[in-house]
Amino acid sequence: MDMKNLTIGERIRVRRKNMNHTQRTLAKALKISHVSVSQWERDDSEPTGKNLFALSKILQCSPTWILFGDEEQTPPAPTTQPPLLDDRHVELIELFDALPESEQEAQLEQMRARVENFNRLFDELLEARKRNAKK
């Protein structure tokens, strides 16, 4: 099946089903309503940056594959085992655990702010792409 010819909603539905998720289980994992997932799959709306990144993590695929169906970004077959931590993740946890509690909280706040900033930027890029596509 050529994923480039499918809509965003169709790609989400196909991948969700390949991962053996229902709309409700996917929505619960994303901490959103199942109605939102249904709207995405019907192409009534699209996931925002924050939800897009969370969706890609749960569906084990890239955000660009969800948006554009790029062949080089085609996700591998679903896995049921949780991914192992790579060296960077292990180092991050070790460094975090070495900090005092008050500094851990400060670092979490900084990371949350950075992620929020990236999500906002991604939303702006999506809007710009939509505007350019309409021209």
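Nothing in this text is a laboratory measurement; each read-out follows from the coordinates by a stated rule. If you're wondering where the values come from, they're calculated on a predicted model, not measured in any experiment. Using ideal geometry, Cβ is built from the backbone for each residue, glycine included, and neighbour counts are taken over all protein chains shown.
Taking only DSSP H segments of four or more residues, each worth -39500 (n - 2.57), what value at 222 nm results for the chain once the sum is divided by all its residues, to the nearest 500 deg cm²/dmol? The partial results should precede the final answer.
On the way: 7 runs with 89 residues, N = 135.
Using -39500 (n - 2.57) per qualifying helix, the result is -21000 deg cm²/dmol.
If you model the chain as an ellipsoid using its alpha carbon gyration tensor, with each semi-axis the square root of five times an eigenvalue, the axes come out at 29, 19, 15 Å, biggest first.
Volume per residue for the stretch 1-80 equals 79 cubic angstrom (convex hull of Cα atoms). Lysine pair count for the chain with Cα-Cα distance under 23 Å and sequence separation of 8 or more or different chains is 15.
For the chain, what is the relative contact order in percent, using Cα pairs closer than 8 Å and at least 6 residues apart in sequence? Show your work: numbers first, answer last.
Numbers: 94 pairs, mean separation 30.8, N = 135.
Once normalised by length, the contact order is 23 percent.
In this structure, the amide hydrogen of HIS21, modeled 1.01 Å from its nitrogen in the peptide plane, lies closer than 5 angstrom to no residue at least 5 positions away or on a different chain. Taking other residues whose beta carbon is less than 14 angstrom from the beta carbon of VAL37, and scoring Lys, Arg as +1 and Asp, Glu as -1, yields +4.
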